[in-house]
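K.L.:
Below: one structure in structure tokens.
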Amino acid sequence: MSGAALGLEIVFVFFLALFLLHRYGDFKKQHRLVIIATLLAWYLCFLIVFILPLDVSTTIYNRCKLAVNSSPAESNGSYVTLAPSKQKCFKPWSYIPDGIMPIFWRVVYWTSQFLTWILLPFMQSYARSGGFSITGKIKTALIENAIYYGTYLLIFGAFLIYVAVNPNFNLQWNQLQTIGIAAANTWGLFLLVLLLGYGLVEIPRSHWNGAKRGYLLMKTYFKAAKLMTEKADAEENLEDIMEEVRKVSESIKYNHPLRKCVDTILKKCPTEYQERMGRNMDDYEDFDERQNSYPSEKSLAKLHKQVIYSVQRHRRTQVQWQILLEQAFYLEDVAKNESSATRQFVHTFHSQEPENKIIQYFYTPTVEWYWECLLRPWFYRVLAVVLATFSVIVVWSECTFFSTKPVLSLFAVFIQLAEKTYNYIYIEMACFLTIFFLSICVYSTVFRIRVFNYYYLASHHQTDAYSLLFSGMLFCRLTPPLCLNFLGLTHMDATISHKNTQPTAYTSIMGSMRVLSFIADGFYIYYPMLVVILCIATYFSLGTRCLNLLGFQQFMGDSEMTSDLIDEGKELIRREKRKRQRQEEGENRRREWKERYGNRDDSTRSRATHTDQKESSFSETSASRPLSKYTRSNGRTERDRIELLQDAEPLDFNADSVNDDPLESDSGR
């Protein structure tokens, strides 16, 4: 099993990252380089989280071997060995051979740093650029990133000057590398504590509120009102942009040098607008025959950028509106079915997507009623209590992990107890649950936050390229300090435990933080305590209240604006529900009509066809017989036709008035 666990986790994490990227990104419409870069960034960050527990168990086993093979008084190089245990060291099932983990961590870490500081920012500007050529997009990306790169070079230069001026340090390559890692981790830790303080409170609270049906329904109404405003704004913005595109398309004709740029812009427009503009085009006039002012290539690039943004935003709001409607209808169905006597879940509308037959077989209406109306609220409450307990443990450990005598960090206590018995499975499970919970608190906040319309991770394939690349940057910057913080909580970091024992392979590639003592002994230890203040602020919704005061409507139960938006959203959902009910009733009537009269119409058509065939055959036979036998009957038919024509009175449309009285018409005749 040597190395098998590492290989299995590498494969599993790849498919996990691919699944999440497929949920948020669009593989068909987005550029392949954007998909590959984002997938690589997510994959490397998730991989660090999943592999780190294996590194911890391998390090504990190596320490055990050193303790058994050495006497208590001996020293092994730079490591002071521990007292030999009476119990023999057993190799863990997930043991990774020596030499593999340092190379693995070095490749993963420096690849993620290259992505977050160089490649992804450049691709972000490249994807958002409105240029029409690769050279133009590269030029725009370089100009936009000049200030970005200059800022971080300035920060790195400040650290470099501090080390160079300090006479206690001899500047070497390893120390220079450590300074760069410390600068990146300091920036990441600053953002990590902010996101962690929000997630530690909001995740348990969201699951607790998930058990309240009335709360979820009111919040859905609130979201509907806000989304309708955003949807209307997106439609209006798209109309304005399309009007500008139409004017540009009409002014720049087929033989203009910039016509190729206009055609590129038209391809990015929705289909209905392309057809509308295509009908109104008149390309028989040469551009040089009209003395008009034509837009420049720079203005067309700006218009191209606006078209891409407006079309993406319009499509996203349309999809989100349909998803929100389904959620609102389902929550209303749950509220209605709670008082059902039959204990079978009844849907107001049938699902528009085909359901899996296996799911339909097991997830029957009765099972759905018991889950949605009885079990799910209690499950969410129990899960919220468990998550809240984890949050309390994390907050306590963040405030006390620097204490080594006595050990106050609960995660360090758990790991040290398991280390005494060398229970590697327990060690790996405890480490995995700890770092997984920390990652959920941080990463879920990254998925939830929204910076106006510039950064927004929308599910159901509605995230734009800029937001995907930005999320990859955040993950690559947050994951290394997250792992260092986890190792500090468990006292596996020698900087925290103050023990000269064998470090983990992940810590060894980070170098000794003693090069910058004010960071190692100050910032890394005391700054995480700020998570207590952030948790209190999140619990009392101080950030939400501040945003509400600034004019950004947030869901608050005691706000008059929230009540107005809930009422507005409720009316919007009711209106959409009536519209869909009318559509389904119309479809049902057409289906019933087709089922009732479809066979009769088919039989009528068949009889009519058969009659026509008989008449045609009869006419053919009558034409072949002598006409003298039927001269008398044909004459009678002709006389009847003449009499009918004489009885019919034609209307005189040229007359001034038309008399509708039948009595007067008879008397006149």
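The values are calculated or read from the model by the stated rules, or taken from the named source; none is laboratory data. The model shown is predicted, which means the values in this text are computed figures rather than measured ones. A quick note on method: Cβ atoms are made from the backbone with ideal geometry, for glycine too, and the neighbour counts reach across all protein chains shown. Surface areas here come from the heavy atoms of the whole protein model, side chains and all, with no ligands, DNA or RNA. Shrake-Rupley method; radii C 1.70, N 1.55, O 1.52, S 1.80 Å.
K.L.:
Those residues that are touching a Phe, Trp or Tyr at 6+ places or on another chain (Cβ under 7 Å) and open to solvent by less than 10 Å² (accessible area, probe 1.4 Å), I need them from segment 435-445; list them, please.
P.N.:
Matches in segment 435-445: ILE435, LEU438, THR445.
K.L.:
Moving on. Residues in segment 542-555 that are assigned to a loop (DSSP other than H, G, I, E, B) and buried (at least 16 other Cβ atoms within 10 Å of the Cβ): how many?
P.N.:
If we filter segment 542-555 for residues that are assigned to a loop (DSSP other than H, G, I, E, B), which is where we start, we get 550-555.
Filter again for buried (at least 16 other Cβ atoms within 10 Å of the Cβ), leaving 553-555.
Here the count works out to 3.
K.L.:
Turning to a different aspect of this structure: Within segment 15-53, how many residues turn out to be open to solvent by 80 Å² or more (accessible area, probe 1.4 Å) and assigned to a helix (DSSP H, G or I)?
P.N.:
As a first pass, look at segment 15-53 and keep what is open to solvent by 80 Å² or more (accessible area, probe 1.4 Å): 15, 19, 22-23, 27-29, 31-33, 36.
Retained after the next criterion (residues that are assigned to a helix (DSSP H, G or I)): 15, 19, 22-23, 32-33, 36.
The qualifying residues number 7.
K.L.:
Now, a different point. Determine which single condition LEU408 fails, assuming it passes every other condition in (1) hydrophobic (A, V, I, L, M, F, W, C); (2) part of a helix (DSSP H, G or I); (3) within 29 Å of THR59 (Cβ to Cβ).
P.N.:
Against the list (1) hydrophobic (A, V, I, L, M, F, W, C); (2) part of a helix (DSSP H, G or I); (3) within 29 Å of THR59 (Cβ to Cβ), LEU408 comes up short only on (2).
K.L.:
Among the residues of segment 230-255, write down those that are over 17 Å from THR317 (Cα atoms), open to solvent by 40 Å² or more (accessible area, probe 1.4 Å), of a type in the set (S, T, N, Q) and assigned to a helix (DSSP H, G or I).
P.N.:
Hits for segment 230-255: nothing passes.
K.L.:
When you look at GLY180, is it touching a Phe, Trp or Tyr at 6+ places or on another chain (Cβ under 8 Å) and either open to solvent by 40 Å² or more (accessible area, probe 1.4 Å) or modelled with pLDDT of 75 or more (or both), yes or no? Walk me through it before giving the result.
P.N.:
Working: touching a Phe, Trp or Tyr at 6+ places or on another chain (Cβ under 8 Å): yes; either open to solvent by 40 Å² or more (accessible area, probe 1.4 Å) or modelled with pLDDT of 75 or more (or both): yes.
Here the answer is yes, as GLY180 does meet what is asked.
K.L.:
Can you tell me which of (1) aliphatic (A, V, I, L, M); (2) modelled with pLDDT of 90 or more; (3) open to solvent by less than 20 Å² (accessible area, probe 1.4 Å) is the one ALA418 doesn't meet?
P.N.:
Among (1) aliphatic (A, V, I, L, M); (2) modelled with pLDDT of 90 or more; (3) open to solvent by less than 20 Å² (accessible area, probe 1.4 Å), ALA418 violates only (2).
K.L.:
Among (1) surrounded by 15 or more Cβ atoms within 10 Å (Cβ to Cβ); (2) more than 24 Å from the chain's Cα centre (by Cα), which single condition is ILE100 missing?
P.N.:
(1) is the only condition that ILE100 fails.
K.L.:
So for segment 512-524 (the condition being farther than 30 Å from ILE103 by Cβ, surrounded by fewer than 14 Cβ atoms within 10 Å (Cβ to Cβ) and at pLDDT below 90), does at least one residue qualify?
P.N.:
The first filter runs over segment 512-524 and keeps only residues farther than 30 Å from ILE103 by Cβ, leaving 518, 521-522.
If we keep only those that are surrounded by fewer than 14 Cβ atoms within 10 Å (Cβ to Cβ) as well, we get 518, 522.
Checking the rest, the ones that are also at pLDDT below 90 come to 518, 522.
Yes - at least one qualifying residue is present in segment 512-524.
K.L.:
Quick one: is GLY214 open to solvent by less than 60 Å² (accessible area, probe 1.4 Å), at pLDDT 90 or above and of a type outside the set (D, E, K, R)? I'd like the intermediate steps shown before the answer.
P.N.:
Working: open to solvent by less than 60 Å² (accessible area, probe 1.4 Å): yes; at pLDDT 90 or above: no; of a type outside the set (D, E, K, R): yes.
Taking the combined requirement at face value, the residue does not satisfy it.
K.L.:
Filter segment 450-489 for residues that are under 11 Å from the mean Cα position of the chain (by Cα) and either polar (S, T, N, Q) or assigned to a loop (DSSP other than H, G, I, E, B) (or both) and give the result.
P.N.:
Passing the criteria: LEU457, ALA458, SER459, HIS460, HIS461, GLN462, THR463, ASP464, SER467, SER471.
K.L.:
Could you please tell me which pairs satisfy a Cβ distance under 7 Å, a separation of 6+ or placement on different chains, a first residue in segment 543-568 that is closer than 17 Å to ARG450 by Cβ, and a second residue that is among the hydroxyl-bearing types (Ser, Thr, Tyr) and at pLDDT 80 or above?
P.N.:
Sorted first by the residue in segment 543-568, then by its partner, the pairs are GLN554/THR544; PHE555/THR562.
K.L.:
Please go through (1) free of Cβ contacts under 8 Å to residues at least 12 places away in the same chain; (2) more than 24 Å from PHE190 (Cα to Cα) for TYR424 and return the number of the only condition it doesn't satisfy.
P.N.:
Here TYR424 clears every test but (1).
K.L.:
Which of (1) within 24 Å of HIS207 (Cα to Cα); (2) open to solvent by 50 Å² or more (accessible area, probe 1.4 Å); (3) touching a residue at least 12 places away in the same chain (Cβ under 8 Å) is the odd one out, the single condition CYS431 does not satisfy?
P.N.:
Unmet condition: (2).
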